[in-house]
Amino acid sequence: MQREAWTVLLILLLAGGAVFAHVTTTTEEYSRYNTGWNGTSGFAGKEVRDLGDLDPGAPLLILAPDRPFTLDEVGYLRAFLDDGGRVIIADEEGAANDLLADLGSTMRVRPGNLASLDRDHADPGLFVARVVGNDTLFAGVGTIRVNRPAAVEGGVPLLETSILTWDDADGDGRITGSETFEAAVVCAREGNLTVLGDPSLFINAMLTENPQFIQNTWPVRIDGIHSRTGTANQIINTRLWIQETPLAVAALAALAVLPVAYRFGRKENE
Amino acid sequence: MNHRASRAVLMAAAVLVLALLGAQAADPVLYTAENTSTAAHTDPATVQKRSPGDANALVPLMDELLGQTGTLTLTIKLKDYESAERDLARYSELSRQFDRLVVTLDVSGTDIGEFQQNNRQNQESLAALLNDTRRFEDLQRLEIEVRGNDEQHMAVVYEGEALRQKMREGFSAYAKREAAATRIAEHYDLNATPYRESVDHFAEITDAADDWWKETGGRSAPKSPLRIAVTPDEGRYGDTLLIAGTHDGGRPGDPVEIYIDSRLTATVALDDGGSYRYPYRIGRVPAGSHIVYATAGAVYSSVVTFEILSGNTSTTLALAEVNETTVACTGNLTTDDGRPVTLAPVHLRIDDDTLTTAETDKNGTYRKEIALPAGEHTLQAEFHGAGYPLNASESPVGTIIVRGEGLSPLPFAVALAALFGTGWYLRRRQYRREESLVVERPEEEVEVAEETAEQAPQVSIVGLPPREAATVLFCTLRARLGIPETKTPRDCARIAPDHAGFFGRYELIRYAGETPSEEELRAMEEEVLGGDKNAA
């Protein structure tokens, strides 16, 4: 009988573990809670949720933004930049263009489907871009492997593709029709503001591709409000709420202790 | 918790686990590598590591090709033919490398493809320029030597005139390509200066030929008795142009040699009326202007030109399985107006990578059987048009699944045979061992063993809880009676009906949860030790 009880307990533990692993992760692109290849759980960077309290010593990364910035937030960013802080905007869908305009920058993200022959992978969107100019972000780096990036217009180029690059508008992986070879800039800067046309550089699957670049970003802070890294689900949100609420933690601890205490109490009575 | 309740909990837990796993089966992100590509990115770990070719070499190669044109034309202009031969060989080698790269990288549809086409034509032009310049120099020398011999002099002047015209045509075409070369060079940041210089050198060489022509009379050759005309004066691939004329002083059957681009193309005979005709079918010859003249002995015709226009092509591809590992690729290569392109190379691109070549037959049909590894493959047929007055074309991409060779039954048969063999060997070995034991075991030992088996078993239940004691007694009796351990009390009762009472009581103790009294245990012990059979 005892053996059966242990079996039941083991099964329940396994089931509980599986449930926990599943409900506390997500498959959302760029999410910090996505442990899969397209999440950013492996990217070491602390999330900040208040742009009014930024440390100029740590660069701020706005990764794949998908929420608009309020005027106040734009003001905070402007002040941060004026104080010598560095802002890196990684975007390939053009969602950051409004923010760039509000910040008075001439740089823009031009969404597209860049492909290149300068690669060592079968996927034409997974290719190599060359570092041009001097910037601490690319210190000690000669080339960067990019992953379906977008072109960046304006600013001082920091990362440029080879001339054998094209915008694969029809997505067939070949240069056909009206598509033409043209070098493209995928990263540029204006003062302390840097625009990177490839947020995919920070996903789990890409971290090992450009280790020096990732290291150069440290000690980066990630904007957890506007970036898609903040994408979670209800269960994760609940977990975070519990973690951040001492009373809830105490209640949970009590729930865990009570059955044990009850069991011990019964034993003594027997 | 009783037995039934614990089973129910176990079942419930199992159902819960299954339900959880079932719910997650539709969302396998945590334990599979599916969904490894989205619009924003792809997982590099799941993408095959394969370079499309040495893309880094492409642009430098274009630069080098442009540079070679300047070097080559300079050495031709300086009449350093030995160096020119070397330069031309180098230029040809670079062009071959470039052609291969263009095909491998699949960029023939771009301005690099246009550069490639122009480069091919430049290569042909410069090879012709080298030959023509050499021949022209010979003719210049000959012209001096045969002065005074009108007939021979006339022959030399005619050939010189033909060559001069050809060089002029060649230069015209070469210079026309300068704009495109400069445009492409600017786009790829190449140095176009050598190409511009080559145009200047080419011009100087043809100007020198013009000067010689003026020095030798500066006139068109006098009206020749051997007349020539090409009708129509232009055509496309597959068209037939009629090269015909008359020879006033010729006799029927006299041979007339026809030269196209200074190469002997055909020899025809004069008919009874002193006429000759040669139908020239346009085949593998570059598009552009071409010159033609005829000779009948020492008599030369005037030089006339005709134009070959370029046309489009279409390539088809059909895939069929030949066997488990081989695929047959068949298709047609035709011009836009449906004419078959004969004896032309058709390249088959496998999985966007490997290239293999087939050749069309006289109907424009090609067939190639290709052995492929198991799996899905894409194939595409391409015609590159090199040397033809035809533009490149490619078929739609075809897909085929190759099953691959099935598993050979031989290893299975061998494994099965080995299994049977091992079984047979072990069985035989065991049998022999038993036999030898029976033969070798001394009689005394056998007797002792029998006695031991019949001896009452030793059992002690002192200090054990009643139910455990009953179990010990049951096991001891079962062992004494030689009943296998897998048998239940009920089985034991059936096998040994003399002890049915003992086994029936034990069944109730074990399964019904009854607790035996001390008296019962004593009775059971006696029975185990060989006492009263019915005591229990």
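Within region A:4-36, if we keep just the residues that are more than 9 Å from chain B (Cβ to nearest Cβ) and aromatic (F, W, Y), the residue that is surrounded by the fewest Cβ atoms within 10 Å (Cβ to Cβ) turns out to be A:W6.
Counting only strands (runs of 3 or more DSSP E) wholly contained in region A:11-91, the ones carrying 3 or more residues that are over 17 Å from B:A40 (Cβ atoms) occupy A:46-48. Checked against the criterion of being exposed (fewer than 13 other Cβ atoms within 10 Å of the Cβ) and within 47 Å of the chain's Cα centre (by Cα), the candidates B:R281, B:R339 yield just one match: B:R281. Please find, within region B:463-481, the residue that is farthest from the chain's Cα centre (by Cα) out of those that are open to solvent by 60 Å² or more (accessible area, probe 1.4 Å) and not charged (D, E, K, R). Top of the filtered list is B:G463.
The set of residues from region B:61-92 being more than 29 Å from B:E137 (Cβ to Cβ) and surrounded by 21 or more Cβ atoms within 10 Å (Cβ to Cβ) comprises just one member, B:M62.
Looking across region A:97-131, the residues that are more than 14 Å from chain B (Cβ to nearest Cβ) and either touching a Pro at 6+ places or on another chain (Cβ under 7 Å) or not in a strand (DSSP E or B) (or both) come down to A:N97, A:D98, A:L99, A:L100, A:A101, A:D102, A:L103, A:G104, A:S105, A:T106, A:M107.
Annotation for region A:37-51: no member residue is over 18 Å from the mean Cα position of the chain (by Cα) and at pLDDT below 95. Evaluate the following for A:V156: is it more than 14 Å from every other protein chain (Cβ to nearest Cβ), farther than 15 Å from A:F213 by Cα and open to solvent by less than 50 Å² (accessible area, probe 1.4 Å)? It is false that A:V156 is more than 14 Å from every other protein chain (Cβ to nearest Cβ), farther than 15 Å from A:F213 by Cα and open to solvent by less than 50 Å² (accessible area, probe 1.4 Å). Looking only at region B:34-58, residues that are of a type in the set (A, V, I, L, M) and either in contact with a Ser or Thr (Cβ under 7 Å, 6 or more places away or on another chain) or more than 8 Å from chain A (Cβ to nearest Cβ) (or both) come to 2 in all. If you go through region B:93-122 and keep only what is assigned to a helix (DSSP H, G or I), open to solvent by less than 10 Å² (accessible area, probe 1.4 Å) and of a type in the set (V, I, T), you end up with B:V102, B:I112. With respect to B:A180, determine if the residue is modelled with pLDDT under 95, under 44 Å from the mean Cα position of the chain (by Cα) and part of a helix (DSSP H, G or I). The answer is yes for B:A180. The criterion of at least 1 residues that are within 14 Å of chain B (Cβ to nearest Cβ) is met by the following strands (runs of 3 or more DSSP E) wholly inside region A:172-270: A:185-190, A:193-196.
Among the residues of region B:44-55, those identified as open to solvent by 20 Å² or more (accessible area, probe 1.4 Å) and without any contact (Cβ under 8 Å) to a residue 24 or more places away in the chain are B:A45, B:T46, B:V47, B:Q48, B:K49, B:S51. Checked against (1) at pLDDT below 90; (2) more than 34 Å from the chain's Cα centre (by Cα), B:E82 passes all but a single condition, namely (1).
The values are calculated or read from the model by the stated rules, or taken from the named source; none is laboratory data. These numbers were taken from a predicted model, which means no experiment stands behind them. So basically every Cβ, Gly included, is an ideal-geometry build from the backbone, and we count neighbours across all protein chains shown. Heavy atoms of the whole protein, side chains included, go into the accessibility calculation; ligands, DNA and RNA do not. Shrake-Rupley method; radii C 1.70, N 1.55, O 1.52, S 1.80 Å.
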